[in-house]
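Note sheet for the following structure.
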Amino acid sequence: MNQKQGRMNLKQGRQDKLIQEKRHDNYKELEKQSEPTVCSECHAVFLNGRWAWSQPMANANAIVCPACQRIKDDYPAGYLEIKGDFFASHRDELINLIDNNEALEKGEHPMERVMAITTEEDQTLITTTGVHLARRLGEALHRAYQGDLSFTYGDGEESIRLIWIREEKG
C-alpha cells in the first residue's frame, strides 16, 4: 500500500456521529389520515391532505383531531402572557382584538384555536393549540397597541411562549 492509498483509507475510516434523539410531538400527525376523516368533537374534515371546515361526508372516518385532543389533554402549544396596567384599563378592546384574530386564523386553519383565557392578579394568560396563532395574537397586540413583545420557542419549535407588556402612560 502506498502513502496515497493510506491517506484515502484514513478519510474513509470510522466517522462517529452523535445520535440525535427524535422529539415526539404526540399531536403532530405522522401519518396521513385516510380520507375523508371527520373530527368527532369539532366536525373539522380532513380532505385533500389538510384539515378544513367542510360538510362531512356520510362515509367519513371519525377521530378526534389534534386540536381537540390538545384541548382535552390541556396541553397548549402556545402561551401568550399579557402584562401591565394597560390591559386592565383596555381589557374589552384587547379581548375583542384577540377574538377577531382567532376567528380569522381558525377559519382558515381549524387546528389553530384559543384554548383558554385566564386572568390572574397581574397578568392574563392565553393558551393556544398551535404556535402560529399564539404568535399572530402577540404580533396583533404589538401592532395595534405597541408595548414590548418578546417570544421564545421551545421543544424544537413545537411550542412558543410570548410576553406582551404595556404600562399606562403618564
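Where a number appears in this text, it was derived from the coordinates with a stated rule and is not lab data. Quick caveat, the model's predicted, so the values are computed rather than measured. We place every Cβ from the backbone using ideal geometry, glycine too, and count neighbours over all the protein chains shown.
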Problem - Two-site FRET efficiency, THR119 against GLU35, from Cβ-Cβ distance with R₀ of 45 Å, rounded to 0.05 - result: 0.65
Handout entry: Among THR129, TYR145, GLY107 - extreme Cα towards positive end, dipole of segment 71-165, charges at beta-carbon
Key = GLY107
Problem - Relative exposure of ILE163, ILE82, judged by other C-beta atoms within 10 Å (fewest first) - result: ILE163, ILE82
